[in-house]
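Values quoted throughout were computed directly from the atomic coordinates according to the rules given, and no laboratory measurement underlies them. Quantities reported herein were computed from a predicted structural model and do not represent experimental measurements. When we count neighbours, we look across all protein chains shown, and the Cβ atoms used for this are built from the backbone with ideal geometry, even at glycine.
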Amino acid sequence: MRRMIYLLFCLIFAGCNYLEDYSQDLVIAKKVADLDEVLLGSAYLRYGSPDNLAGGDVGWWLHLLDDDVDGVIATAAYEIPQYLTSTYYGYFCWQWEVGRNYEKTSLNSDVGLWNTLYNRINVANIILSEIDGVAKETEEDELDAWRVKGEAYFLRAQFYLFLVNIYGVAYAPSTAEEKLGVPLKLTEYVEHDPNKTVQFERASVAKIYEQIVADLTEAVACFERGSKPKSVYRASHEAALLLLSRVYLYMQDWENARDKALAFLEQKDHLTSYLNMDSTVVVTSQSEEVVFTQGVQNLKHAITGRSGNFCVTRELYDLYDTTDTRKNLYFAVTQDSIGLGFKYDTGSDPSYTGDLFLLRSPEGYLNAAEAYAMLGDVGNASKYLNELRKMRIVGYQDKTFPADEIIEEVRNERRRELCFEGHRWFDLRRYAVCEKAPYKRVIEHVFPLYDSENRNLFKEAEKYRLEEDDLAYTFALPKEVLEFDPGMPDNPREIRKLTEIVLINQE
């Protein structure tokens, strides 16, 4: 009966039928290996290499939101801009209805992220409820059970961290208790009350983060007792420590962020030298810097710098010194603009390294540097920056940065190193509420329009602005969620209009 309830929850809350294929497996699961297979097949995100962003998976649009990407203006579209007005517009221009097309004639569903992550959270919940009760006949079974348990805790935490940073405001210690996050579902069954007008309450931002910390702490403890994962496609002790250090940064808990980053670096401090790399793909599953990866490689054929597509902003490109090897590895200057180069594989072969749920060892150095900087320890903050920069910049000499510059230096280095890994949008959100060193900025995006009936010639471009403290930094809840649970409070967003028309002779 309870497993029927599990399935019911998945169907009505996540709007999916994903568990249906595995419901029989869960009913007859008798061994740790059974739950391990369900975890791998149903809780982890699947891999793939879409031909464009619109064909991507969970949260592909995160790459279109921040100040590292912009539109391309040229006399004609090199690539057929079939998704510009139909799919990308609402996200790229921070519209109230992100699924609404440019012509306002159709509305795509915006529930995909919600469905996918809550579906997998529910699978993790089921596994956590079952794992202690299955037979463990050998020592290997015992070790594997701890590992499976640790992976389930890790995945639940990673997915909730993503959800709360899309649908909840950025964590601020002074307001987190009162600000709304997302529904917190930890049980394997549905608590359904027909007398309630709201079935699934939105927990506070503080409550969600409290659970994320608890889950990652449990994951660390489980991994310490369990068997070792066999690849970077499975969560690990190192991955849990690194993600926990990031969570503490988001919470402005600098001491814990420092301690977890250092604990991670004690286990995995490897940095690959880029100094002699030439036209080499930097981020692959074979890289010794990669700690964990799951999900789709959304950027394999995206942000090309060609007209009809998107480009890397000149501001980001100019942030790298000429001696910084990342400038030529990460980016490629095209006839029209700047595109992604060799950070990720852009060839014809499938890619098995995701971008949005990626953990790499350089983040450990940056997390440690940021925590030390916020704690006023300029020497150690400089130390971890220097360690990273020596592996990226030709002829680099160690520096001790001035106290009034160290935080900006760390933030700039984080932007350089971790660009297009799903960090920048979340970093801008948390910088805006940082009590020690708040940073806010206006972002402008240029949205080009092409004449599809006349050789895709450029017509004009529209500029849109994201203001400081803009409501669009928090997404509205998916319409299908609100239709199912109309009493659930939504996040306010404003209708956004263009601020300026750009003609090609102005560029």
Note on region 344-395: alpha-carbon gyration tensor, axes a ≥ b ≥ c; rule is a/c under 1.5 for rounded, else prolate if a/b larger than b/c, else oblate; result oblate
Got the relative contact order for region 233-276 handy, in percent, Cα pairs under 8 Å and 6 or more residues apart? 37 percent
Leaving out same-chain residues fewer than 8 places away, which aspartates and glutamates sit with a Cα under 12 Å from that of residue 196? 485
Just flag the GluC sites (Glu not before Pro) in region 191-256 sitting in loop per DSSP whose Cβ has no more than 12 other Cβ atoms within 10 Å. 191
Straight-line reach from residue 30: which lysines fall under 23 Å, measuring Cα to Cα and dropping same-chain residues less than 8 apart? 136, 149, 228, 230
Please compute the Cα-Cα pair-distance distribution of region 449-496 with 10 Å bins starting at 0, giving whole percents from short to long. 21, 27, 23, 23, 7
Among beta bridges that DSSP assigns inside the chain, antiparallel share in %, nearest 5: 95 percent
Relative contact order computed over the chain (Cα-Cα under 8 Å; 6+ residues apart), in percent: 20 percent
Give the lysines reachable from residue 260 as a straight Cα distance under 19 Å; neighbours fewer than 8 places away on the same chain don't count. 268, 383
Could you tell me what a quarter of the Cα convex hull surface of region 161-238 works out to, in nm² with one decimal place? 7.2 nm²
Specify whether the C-alpha gyration tensor of region 270-376 places it in the rounded, prolate or oblate class, a ≥ b ≥ c being the square roots of the eigenvalues: rounded for a/c under 1.5, otherwise prolate if a/b is larger than b/c and oblate if not. oblate
Using per-residue counts of other Cβ atoms within 10 Å, averaged over each peptide, order 174-185, 294-305, 258-269 from highest down. 294-305, 258-269, 174-185
Between residue 135 and residue 494, what length comes free when the chain is fully extended (0.36 nm per residue of separation minus the Cα-Cα distance, one decimal in nm)? 123.8 nm
Which whole DSSP H helices in the chain pass both tests: a Cα extent of 15 Å or more along the axis and a mean Kyte-Doolittle value no lower than -0.5? 2-13, 112-130, 139-167, 205-225, 237-250, 361-374
Can you bin the chain into rounded, prolate or oblate? Criterion: square roots of the alpha carbon gyration tensor eigenvalues sorted a ≥ b ≥ c, rounded for a/c under 1.5, prolate for a/b above b/c, oblate for the rest. oblate
Computed [θ] at 222 nm, deg cm²/dmol, the chain (DSSP H ≥ 4; -39,500 (n - 2.57); rounded to nearest 500): -11500 deg cm²/dmol
What percent does the relative contact order of region 119-273 come to when contacts are Cα pairs within less than 8 Å and at least six residues apart? 26 percent
Apply 1/(1 + (r/R0)^6) to the Cβ-Cβ distance of residue 412 and residue 179, taking R0 = 30 Å, and write down the FRET efficiency to the nearest 0.05. 0.55
